[in-house]
Amino acid sequence: MKKMKLNAPLAINSLTDFIKSTVNNAGFSRAVLGVSGGVDSSLSAFLSARALGAKNVLVLRMPYKTSSPESLKHANLVIEQLGVPSLTINISEAVDAVLINFPDASPVRRGNVMARIRMINVYDQSAAFPGLVVGTGNKTESLLGYSTLHGDGAFDFNPLADLYKAQVRQLAAELGVPPSIIDKPPSADLWEGQTDEEELGFTYNEIDRLLYALVEEGLSPNDCVKAGFSEEFVRNIISRIKKYRFKSALPLAGSVGQFPLAALEELPAFT
């Protein structure tokens, strides 16, 4: 884990500069995000307030009827500490309206509906505020496909995209995010008692160490096993990354041989 430790002040300055330039270059001065009471969204809120000023960051709390009271309390800690404007939008009726014809929907289906209803509200408020939508997902989650497309996986920009979970915690502590938020078991709060690590079957510390070895150090699966990781663990994580790669890559675009939009900035007019 020591290898993953960042120069925190340098990383924070880099990310706040990124937020400010991204928002300003798009012709905005404000940003909007949902805060769940977890460490990831809390860090995004702290970085955004630092970059843009507290009054320019709108924070949304979006509870469902089964949401943990602790999550709301922790989200409110962030709002109060930063002094940012906020709204609380109860999504229970909207979610139940989508699922009314599917009472036996699995927890995963219900959780995906909640995540997407939340993002509908975030984007609606981004038009009303107005401001760009800030992402809250970290690199560990992206690699594992642990997000909902068009839900928490939707944003205009994401300051946490290159941070592993351990690094999120490190920067959160540096910025003064309350320890009660940093230290609690990570949860998307999509159903009662849900925790990320129980659902994944591994701790974030275990996963981060392996992902760092595979991605940042470029080790082969065999190298990782020699380094002390179990062969089954390495195989399972690599399999999961490949399975959910479609979530962390740009959607595939058909072509008839003309210039791809993904390379637009390579053209003289758009450099």
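Every number in this text was worked out from the coordinates using simple rules, so none of it is lab data. Here the structure is a predicted model, which is why all the values come from computation and not from measurement. Ideal geometry is used to build each Cβ from the backbone, glycine not excepted, and the neighbour counts take in all protein chains shown.
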Original post:
In what sequence do His74, His150 fall when counting other Cβ within 10 Å, fewest first?
Top reply: His150, His74
Original post:
Where in segment 28-56 is the amide nitrogen less than 16 Å from a point lying 7 Å along the Cα-to-Cβ axis of Ile182?
Top reply: 38-47
Subject >> Mean shadow area of segment 47-156, taken as a quarter of the surface of its Cα convex hull (nm²) >> reply: 7.5
**OP:** Compare Lys184, Lys20, Lys165 in a GNM of the chain, Cα atoms joined below 10 Å, and give the one with the largest fluctuation.
**Re:** Lys184
**OP:** Based on the mean of other Cβ atoms within 10 Å per residue, sort peptides 220-233, 114-127 so the most packed one is first.
**Re:** 114-127, 220-233
Original post:
Which order do Arg61, Arg245 fall in if you start with the one that has the fewest other Cβ atoms within 10 Å?
Top reply: Arg245, Arg61
**OP:** Within the set of other residues whose C-beta is less than 15 Å from the C-beta of Arg50, count the net charge using Lys and Arg as +1 and Asp and Glu as -1.
**Re:** +1
Original post:
Which of the lysines could be linked to Lys65 by a straight reach, that is with a Cα gap under 25 Å, when you skip same-chain ones fewer than 8 residues away?
Top reply: Lys73, Lys184
Original post:
For Tyr212, Tyr204, what ranking results if the residue with the fewest other Cβ atoms within 10 Å of its Cβ goes first?
Top reply: Tyr212, Tyr204
Subject >> Dipole in debye (nearest 20) - the chain, about Cα centre, beta carbon charges: Lys, Arg +1; Asp, Glu -1 >> reply: 240
Original post:
Once Rh is set to the Kirkwood radius over Cα pairs, what Stokes-Einstein translational diffusion coefficient, in µm²/s, holds for the chain at a temperature of 20 °C and a viscosity of 1.002 mPa s?
Top reply: 108
**OP:** Using packing as a proxy for protection, rank 261-271, 76-86 so that the peptide with the highest average count of other Cβ atoms within 10 Å comes first.
**Re:** 76-86, 261-271
